[in-house]
Amino acid sequence: MIADLFQINDWEIKKFLRVVLAVQLAILGLIGLAAFGFDIPILRKIVGFIYLTFAPGLVILRVLKLHKLGAVKTLLYSVGLSLAFIMFLGLFMNSIYPHIGISKPISTLPLIVTLTTIMGLMCFIAYRRDRDFQTTSRFEIHDILSPPVLLLMLLPLLAVVGTQIVHYYQNNIPLLVMICLIALVPILAIYTKFIPERLYPLAIYCIALALLWQLPLVFKYLVQWDSFGESYYFNLVNGSGIWNFEINKTYNAMLSITILPSIFSQLLDMSGTAIFKIIYPVWFAFAPLGLYEIYKRFNNNYKKAFLAVFFVMSVYVFYLEIPSIGRQMVAEIFYVSLVMLIIDREVSISKTALFMIFGASLIVSLYSLSYLFIGFMVISLIILYFLKEKRSRMTIYSITLLAVMCLAWYMYVSNAAPLSALARLGKHIYDASGTDLFNIYTRDFASVLTATPPSVLHWTNRILLYLMLLFMAIGGLTVISSLKRKEVGVEYASLTVGNYILLGLCIAIPFFSSSLNMSRMFHIASLILAPFCISGAEIVFRSFSRFIQLIRHSTSYITISRVSTGATITLLVLYFLFNTRLPFEIAKDPDGRSSPLAYGHLINNDKAIAQTRIIQFWSNSPTDQDVYAAYWIQKNRNNERGVYASYWKIGVPALLGYGMIPPEQTYNLTPKTRIGRVKGNYIFLNYVNVVLGYGTTRTMPGQPDPELGDIYDWHISEISPLLESSKKVYTNGSSEIYLVP
């Protein structure tokens with residue numbers, strides 16, 4: 001069985017350690033060869049990735065004597081533990097080594113020596129603690145060569161090939177084929193034996209990875225705002241060899257985008273861009289596997305669990321937003337692992353240790369998800385108290401410990417910037433509650449509800465969204481009965497209440513949803529609520545089928561079951577296809593295409609596409625010329641001079657992600673900017689400004705620019721007097737830099 005290959009922590013201890021040490025020696029040898037000028041780059045990256053992503057976690061599982069977890073749990077826990085190990089190892093080195101004379105602890109040599117020493121020590125402890133464990137396993141090669149496995153493994157391959165064909169030839173046919181094949185998978189899995197239940201985890205991983213690679217691999221550089229901010233703080237660590245925890249920025253407090261990618265970059269010899277675009281999605285694709293295990297445990301039904309995971313992966317946020325937010329991809333691995341442990345009713349010291357490791361890792365990975373998770377635990381604890389449920393991992397002690405850890409971390413790291421951000425949000429919400437409580441436009445989903453869809457396709461897309469929300473609401477009604485019956489899923493049901501409250505707060509409280517973005521809030525809630533969407537759909541369709549049978553005087557239960565299942569799958573597939581924007585692409589709809597599918601039209605500035613969409617696209621994805629200009633200003637500017645540029649959201653992607661211009665030295669260039677303010681500084685004009693002739697100003701939702709409002713695109717001629725008074729010091733045809741005398 002394929003699954004046996006991944007349950008390596010159940011192998012005989014000597015065989016297990018031989019494999020781990022062999023991979024460790026391989027990466028040491030490859031790094032050593034590179035030091036002498038005999039670099040084998042591709043092999044070093046592959047071996048190094050396998051070693052760092054799996055080996056530390058697997059050894060820790062052996063130290064904790066955790067066995068017979070199953071392939072899914074073994075994979076997810078080993079990845080989560082490895083990432084946690086790398087982050088905290090880097091934190092330890094960063095804290096201790098400068099005091100013993102090592103000024104660059106996050107560099108190749110100290111990392112190799114420390115990692116080899118600690119891994120060797122952990123292997124010794126694992127052998128001493130776990131040498132008596134014995135089991136048998138088998139692996140059959142024909143499983144890998146079977147038609148369903150080959151079909152599923154074709155999906156991520158199509159993603160890689162398809163994105164490159166789109167990038168270089170502006171042909172999206174391979175990506176369209178990939179999307180159609182993904183839509184076919186749930187039909188084959190539920191209605192045929194072509195994809196058996198034992199291959200559901202493989203199907204989920206391949207679908208997830210194919211979708212997650214779709215956006216980042218189309219572009220040469222990073223894409224969308226968050227990734228540029230993350231790249232800036234990664235480069236600060238990777239370039240200096242040390243993490244400065246005193247930098248007063250929220251991004252800097254996240255080890256998931258500072259220390260973690262820096263260690264991988266040093267040992268794998270990979271650029272930050274490649275790590276964020278390729279490796280982070282590979283990690284994140286394991287999270288849906290954990291969801292499948294959770295849903296399967298919750299409803300004891302493989303097919304329903306598979307459909308629920310497919311729903312999560314169908315939400316466009318999963319593959320068109322999250323792949324540009326590295327810290328959230330890492331954090332959700334820990335979040336899903338924590339939920340898996342919560343619903344696991346087996347209480348042991350080892351699993352409690354796992355819970356605290358993953359909890360601490362979540363805290364240092366993403367502050368917003370940490371706050372939400374602790375909030376969910378508090379709500380769950382209250383519910384479990386009234387149900388008199390005592391056997392739970394959610395106790396007053398565990399919640400208090402995590403809360404104290406969270407408070408301590410964010411108080412003493414980055415000068416409490418994440419806590420300050422939370423306080424500012426609370427004040428903003430409080431100030432707005434009196435005047436904007438009933439103003440729908442203070443919720444960032446207002447545009448979805450109030451805008452008139454321009455075509456039948458857009459109407460269909462909105463109706464499908466409304467249906468999924470309706471199903472989720474109807475399915476949620478079953479939570480109450482689950483709690484009353486004290487079923488196995490009582491912990492899960494209590495977490496569900498917290499997520500419904502989260503969605504309720506997004507609707508009820510002004511500006512609450514804009515703090516994290518409503519689409520991301522819905523994505524986070526869907527991780528827990530997805531099974532209720534499936535059950536809600538079945539309730540609706542079974543009720544409808546019974547009504548039809550009542551009219552026809554029929555009593556066939558099989559017909560009801562088939563109709564409800566068929567209708568559910570049909571709607572899920574349609575929802576997925578519309579979220580990928582495939583129907584819009586086929587219809588050549590100028591407003592509905594996704595960036596990966598419409599890449600060719602966007603880079604050619606197709607006049608059929610709205611000008612605002614073109615401006616948004618180029619503002620999110622810098623050109624070669626933008627990046628070269630950013631490199632030039634990084635190299636040649638006087639560090640005492642600031643840079644004025646037209647903002648996208650809260651900064652300038654090329655300047656921040658590649659030019660390494662500090663955010664506090666980058667200023668918003670608008671038509672209101674006067675020469676007296678810019679005097680002695682630089683003006684940076686990118687592709688949008690020079691070629692398209694527009695400037696952009698966009699601030700965060702709910703925090704509009706006092707001069708220009710929330711969103712404002714202006715013609716570059718509005719600042720002509722300012723440019724005419726300045727000296728052009730750099731141009732490459734698409735980007736220009738001016739120095740204001």
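Worth pointing out:
- Options Ile100, Ile106, Ile86, Ile46: the member that is over 24 Å from Lys14 (Cβ atoms), without any contact (Cβ under 8 Å) to a residue 12 or more places away in the chain and under 25 Å from the mean Cα position of the chain (by Cα): Ile46
- Qualifying residue in region 127-137 (condition: free of Cβ contacts under 8 Å to residues at least 24 places away in the same chain and either among the hydrophobic types (A, V, I, L, M, F, W, C) or buried (at least 16 other Cβ atoms within 10 Å of the Cβ) (or both)): no
- Count of residues meeting criterion [in contact with a Pro (Cβ under 9 Å, 6 or more places away or on another chain), β-branched (Val, Ile, Thr) and under 17 Å from Ile633 (Cα atoms)] in region 654-700: 0
For (1) in the same structural domain as Gly239 (by TED's automatic domain parsing); (2) within 29 Å of Ala189 (Cα to Cα); (3) at pLDDT below 90, each residue gets a yes or a no:
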site: Ser594; (1), (2), (3): no, yes, yes
site: Asp606; (1), (2), (3): no, no, yes
site: Asn620; (1), (2), (3): no, no, yes
site: Lys635; (1), (2), (3): no, no, no
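- Picking from residues in region 234-257 that are touching a Lys or Arg at 6+ places or on another chain (Cβ under 7 Å) and surrounded by 24 or more Cβ atoms within 10 Å (Cβ to Cβ), the one that is farthest from Val185 (Cα to Cα) is Met254.
- You will find that of Ala331, Ala353, the residue that is closer than 28 Å to Leu69 by Cα, in contact with a helix residue (DSSP H, G or I) (Cβ under 6 Å, 6 or more places away or on another chain) and part of a helix (DSSP H, G or I) is Ala331 and no other.
- Annotation for region 612-631: no member residue is in contact (Cβ under 8 Å) with a residue 60 or more places away in the chain, part of a loop (DSSP other than H, G, I, E, B), under 31 Å from the mean Cα position of the chain (by Cα) and more than 20 Å from Tyr232 (Cβ to Cβ).
- Those residues of region 662-707 which are part of a strand (DSSP E or B) and either closer than 24 Å to Gly733 by Cβ or at pLDDT 90 or above (or both), in sequence order: Thr666, Tyr667, Tyr682, Ile683, Phe684, Leu685, Tyr694, Gly695, Thr696
- Long-range neighbours under 6 Å by Cβ, at least six apart or interchain, first residue under 21 Å from Leu469 (Cα atoms) within region 293-322, second assigned to a loop (DSSP other than H, G, I, E, B): Phe298/Gly489; Leu320/Leu215
Condition check ((1) touching a strand residue (DSSP E or B) at 6+ places or on another chain (Cβ under 8 Å); (2) in a loop (DSSP other than H, G, I, E, B); (3) surrounded by 14 or more Cβ atoms within 10 Å (Cβ to Cβ); (4) of a type in the set (A, V, I, L, M, F, W, C)) across all residues:
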position: Asn9; (1), (2), (3), (4): no, no, yes, no
position: Lys15; (1), (2), (3), (4): no, no, no, no
position: Ile27; (1), (2), (3), (4): no, no, yes, yes
position: Phe38; (1), (2), (3), (4): no, yes, no, yes
position: Lys45; (1), (2), (3), (4): no, no, yes, no
position: Leu61; (1), (2), (3), (4): no, no, yes, yes
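- Scope region 382-402; condition out of contact with any Gly (no Cβ under 6 Å at 6 or more places or on another chain) and in contact (Cβ under 8 Å) with a residue 40 or more places away in the chain; matching residues: Ile383, Leu384, Leu387, Glu389, Arg391, Ser392, Arg393, Met394, Ser398, Leu401
This table checks each residue for (1) under 19 Å from Tyr694 (Cβ atoms); (2) buried (at least 19 other Cβ atoms within 10 Å of the Cβ); (3) among the aliphatic types (A, V, I, L, M); (4) touching a Phe, Trp or Tyr at 6+ places or on another chain (Cβ under 9 Å).
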site	(1), (2), (3), (4)
Asp624	no, no, no, yes
Tyr631	no, no, no, yes
Asn636	no, no, no, yes
Lys649	yes, yes, no, yes
Pro653	yes, yes, no, yes
Gly659	no, yes, no, yes
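The values are calculated or read from the model by the stated rules, or taken from the named source; none is laboratory data. Everything numeric here is computed off the predicted structure, so don't read it as measured data. Note that we place each Cβ from the backbone using ideal geometry, even for glycine, and neighbour counts take in every protein chain shown.
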